[in-house]
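Notes to accompany the following structure.
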Amino acid sequence: MKYSNLFIPTLKESPTDAEVISHKLMVRSGMVRQLATGIYSILPLGLRVLRKVEAIIREEMNKIGGQEVFLPSIQPAELWKESKRWSFYGKELLRIKDRHDREFCYGPTHEEVITDIIRKEVKSYRQLPMLMYQIQTKFRDEIRPRFGIMRGREFMMKDAYSFHADEQCTQETYQRVSQAYCNIFERCGLEFKRVEADSGTIGGSFSHEFAVLADSGEDAIAFCSNCNYASNIEKAEAPDPGEPKDSGNLQDLEEVSTPSQKTVEEVTQFLSTSPDHIIKTIVFETEDGLIAGIVRGDRQVNPVKLKNLAGSAWAHPANESLIKEKTGVPVGFVGPVSLKNVKIFADREVLHMENAFCGANKVDFHYKGVNPSRDFPIEQSGDITLIEENSPCPKCETGTYGIRRGIEVGHIFILGTKYSEALKAHFLDPNGKEQVMVMGCYGVGVGRTAAAAIEQNHDDKGIVWPTALAPFQVQIIPVNYSDEITREASDNCYQTLTEMGIEVLLDDRSDRLGVKLNDADLIGTPMKIILGPKNLKNGQIEIKIRKTHQSDLYDYPSILEKFPEMLKNI
Ligand code: ATP
Ligand code: MG
């Protein structure tokens, strides 16, 4: 491709709303333009990259027996009402009406549509299992679209769905997709981790996310320094403290005056104790009213683990006025003893506490001599602490947690019979008995993967594409294309490399060399060939590697045949 034939509207300045580097560089390198909030046009250079990601995804999905389909983006409301998601999905679902006033939505995901097809067409266990995928535009009316195409409202996703006769078979497919995802992100040249992800109240290892490690990531990823346990922090487990023992040395419960002492730090100092002797009470609002998570004073509550322990659909930190209204107690003095209108969920560690301190549900007072086994009812206990850097790994004896930021690029999930039951996707087993299908679903964000690659691979000059995702692998930059010798050599390089199947961009513009080099750095082409009359006279061309900035002279034209090998090694 010749530069003059390609629309690459590069910019010197970043858009003012761009917070992360991938957004800045995608706009500056002319890959994308925003049409409306969270809605982007993909320009030629950007599309070349997305097509690379798609091609890798297709190959890996086909390898594991995935069949590609293309489902409608507009979906009838009736299907969503059957699955109960019409009401549950909330404002993220873009609802539309046709000319007959019939309700539809623009698909944010396709479980309903694919399950509708399968329930109508698949009747026997002989037709199972089935793995279908598509690469298609989704629309989610995200509350905070940002970071360019990384969190858009309209975005490209590869979504896949599998249907099975039993759980065992679902797990086998799940593992195969999981491996395919590892292959995809490896081939994209990304540093990523496969982490356990929250799967709501179901629990277990039914969901994994694939996170590209980058400081700008919205997720916190916890992983062991020793074993291969890695988890989204939302789900990361704390070590099991074991069964609590009663020392038989319980003090009486007693009120102590703690004027204006509200935080754990203040109370610790005032009462000359340590945070691990204080019971911290954090109140959350759920669909079933208020709940409190209680943890040791030196720990934080993990809202996702608490929500799952309580079996709630959602849990948000309750605001001060709501807490005051329902319990009669101001924040800072709330504690689990005789707390009104709040169900108590205790971290396992709290059960080990003896003669502890906690808020006395009365302004300026705390209790001492608090004993969880004796002094208050616990709805349920479990693991609800937020793990921290260097906390011990729950899976191996020796490791400790490290925490890094990650961008979720893929997510796999065993759905069980959630949708097949709601939509009645049944089949006949070998005994002629009707059974419900078991399902899995699997997603990769195409645009987000490309953006994550930039987050991980850039420098102050621009993008540094991994070769597999680069829009072009080689950029030919003639010092002066109107010079006859240079033009002839440039055209020859272009033709020879193109014939080898290498994607080459020939910068045939009349701009200054500096401009051309800067643009090449900005758009991130892995390898540049710089040709000028001086070197050509000596039978040489300059080759510069984007990643390392290394620049060397090579004999021309003999070096050209080494290009496939050289590209593999950068
Ligand atoms: P997030 O937690 O980031 O909102 P999600 O868990 O809702 O994402 P899934 O339903 O698991 O997303 O979708 C599968 C994949 O689609 C995600 O792993 C991500 O790569 C991509 N994706 C999801 N939402 C967006 C978005 N708004 N913009 C771009 N890609 C997205
Ligand atoms: Mg997800």
- Output the relative contact order of the chain, whole-number percent, from Cα pairs under 8 angstrom with separation of 6+ residues. 16 percent
- Per-residue ³J(HN,Hα) for segment 451-459, Karplus 6.51 cos²θ - 1.76 cosθ + 1.60, θ = phi - 60°, Hz, x for Gly and Pro: 5, 5, 4, 6, 4, 8, 9, 7, 9
- Message: What does the extension gain come out to for Arg95 and Lys2, with contour length at 0.36 nm per residue minus their alpha carbon separation?
- Response: 29.1 nm
- When the chain is fully extended, how far beyond the present Cα-Cα distance does Asn319 get from Arg102, taking 0.36 nm per residue of separation? 74.1 nm
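For a Förster distance of 56 Å, can you work out the FRET efficiency between the beta-carbons of Ser338 and Glu421, rounded to the nearest 0.05? Could the numbers behind the result be given before it?
Details: r = 43 Å, r/R0 = 0.76.
Efficiency for this residue pair is about 0.85.
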- If one computes the Cα centroid of segment 490-553 and of segment 265-295, what distance in Å separates the two points? 63 Å
- Which residues' amide hydrogens lie under 5 Å from the amide hydrogen of Leu94, considering only partners 5 or more residues apart or on another chain, with H built in the peptide plane? Tyr106, Asp141
- Note on the structure: Here segment 322-332 yields Karplus 3J(HN,Hα) values (6.51, -1.76, 1.60; θ = phi - 60°; whole Hz; Gly and Pro given as x) of 5, 4, 4, 5, 7, 10, x, 10, x, 4, x
- Task: List Ile57, Ile323 from most exposed to least, where exposure is judged by having the fewest other Cβ atoms within 10 Å.
- Result: Ile323, Ile57
- the chain: calculated mean residue ellipticity at 222 nm from DSSP helix runs of at least 4, using -39500 (n - 2.57): -7500 deg cm²/dmol
- Tell me, what HN-Hα J-couplings in whole Hz come from the Karplus equation 6.51 cos²θ - 1.76 cosθ + 1.60 at θ = phi - 60° for each residue of segment 157-164, using x for Gly and Pro? 9, 8, 10, 9, 9, 10, 10, 9
- Message: Quick check on the chain: of the DSSP beta bridges with both residues there, what percent are antiparallel, nearest 5%?
- Response: 80 percent
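Relative contact order of segment 490-570: what whole-number percent is it, with Cα pairs under 8 angstrom and at least 6 residues apart? Can you show the working numbers first?
Working: 73 pairs, mean separation 19.5, N = 81.
Reported as a whole number, the value is 24 percent.
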- Let me know the shape class of segment 477-529, please: from the alpha-carbon gyration tensor, a ≥ b ≥ c as square roots of the eigenvalues, rounded when a/c is under 1.5, otherwise prolate if a/b is greater than b/c, or oblate. oblate
- By the rule of another cysteine's Cβ lying under 4.7 Å, the cysteines of the chain that fail to get a partner are Cys105, Cys169, Cys182, Cys188, Cys358, Cys441, Cys493
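I want to verify the translational diffusion coefficient of segment 414-473 in µm²/s; compute it with Stokes-Einstein, Rh as the Kirkwood radius over Cα pairs, at 4 °C and 1.567 mPa s.
Here the translational diffusion coefficient equals 84 µm²/s.
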- Item | Inter-label distance, nm, simple model (7 Å from Cα along the C-beta direction), Thr273/Thr400 | 2.7 nm
- Find how much the distance from Asn355 to Arg144 grows on full extension, using 0.36 nm per residue of separation minus their present alpha carbon separation; answer in nm with one decimal. 71.4 nm
- Per 20 Å bin, what is the whole-percent P(r) computed from every C-alpha pair distance within the chain? 18, 40, 31, 11, 1
- Item | Longest site-free stretch - the chain; sites: chymotrypsin sites (Phe, Trp or Tyr not before Pro), DSSP loop, at most 14 other Cβ within 10 Å | 315-570
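Quick check of the Kirkwood formula: for segment 36-109, what is the inverse mean of 1/r over all pairs of different Cα atoms, in Å? Walk me through the numbers before you get to the answer.
Details: mean 1/r = 0.0654 Å⁻¹.
Kirkwood radius, segment 36-109: 15.3 Å.
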- Task: Could you please report the charge total around Pro259, scoring K, R as +1 and D, E as -1 over all other residues with beta-carbon less than 14 angstrom from its beta-carbon?
- Result: -1
- Treat each spin label as a single point 7 Å out from the Cα along the C-beta direction, and report the Phe70 to Lys84 distance in nm. 3.5 nm
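Bear in mind that the values in this text are calculations on the coordinates, not laboratory data. For clarity, every value in this text was computed on a predicted model and none was experimentally measured. Using ideal geometry, Cβ is built from the backbone for each residue, glycine included, and neighbour counts are taken over all protein chains shown.
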